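The values are calculated or read from the model by the stated rules, or taken from the named source; none is laboratory data. Nothing here was measured: the structure is a model prediction, and the numbers come from that model. Cβ placement follows ideal geometry from the backbone for every residue including glycine, while neighbour counts extend to all protein chains displayed.
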């Protein structure tokens, strides 16, 4: 049964120009969906990807990425909403183009859907009570492989 992981790949100046997505597709038979890409030639790069494939292939691909010196972070815990602090004002939903943050009807309470989140961080800046934060508490490649 195929699994899907949403991951962030962080590249350095030494490895930003490697054909990584090509290898993930050709060598590991994975389906790749690039959700967001930021590349500064000669400096660094960041890719937000959905990676889909058989669990063994995903595990092997994560090991390959580590061997290539690429930092892999899961997005599962990247955006956190403090429900005790949130006032459900909806300011964050106005900037959330992926609709990961929505006000649910009829309660008008904020709901976060991490599977839709592209980790852009706009919601963090928009929240007037600082109830949303973006952390680096994602899981490492080793933790992902064991999941």
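Annotations
- Residue 118 being within 28 Å of residue 70 (Cβ to Cβ) and modelled with pLDDT of 90 or more: no
- Test result for residue 92, touching a residue at least 40 places away in the same chain (Cβ under 8 Å), surrounded by 16 or more Cβ atoms within 10 Å (Cβ to Cβ) and assigned to a loop (DSSP other than H, G, I, E, B): no
- Residues that are within 22 Å of residue 36 (Cα to Cα) and loosely packed, with under 15 Cβ neighbours inside 10 Å, drawn from segment 99-113: 99, 113
- On the stretch given as segment 38-61, residues that are buried (at least 17 other Cβ atoms within 10 Å of the Cβ) and within 14 Å of residue 18 (Cα to Cα) total 3.
- The lone criterion from (1) touching a helix residue (DSSP H, G or I) at 6+ places or on another chain (Cβ under 9 Å); (2) under 30 Å from residue 106 (Cα atoms); (3) modelled with pLDDT of 95 or more left unmet by residue 87 is number (1).
- Among the residues of segment 95-109, those that are over 23 Å from residue 46 (Cα atoms) and touching a helix residue (DSSP H, G or I) at 6+ places or on another chain (Cβ under 7 Å) comprise 102, 103.
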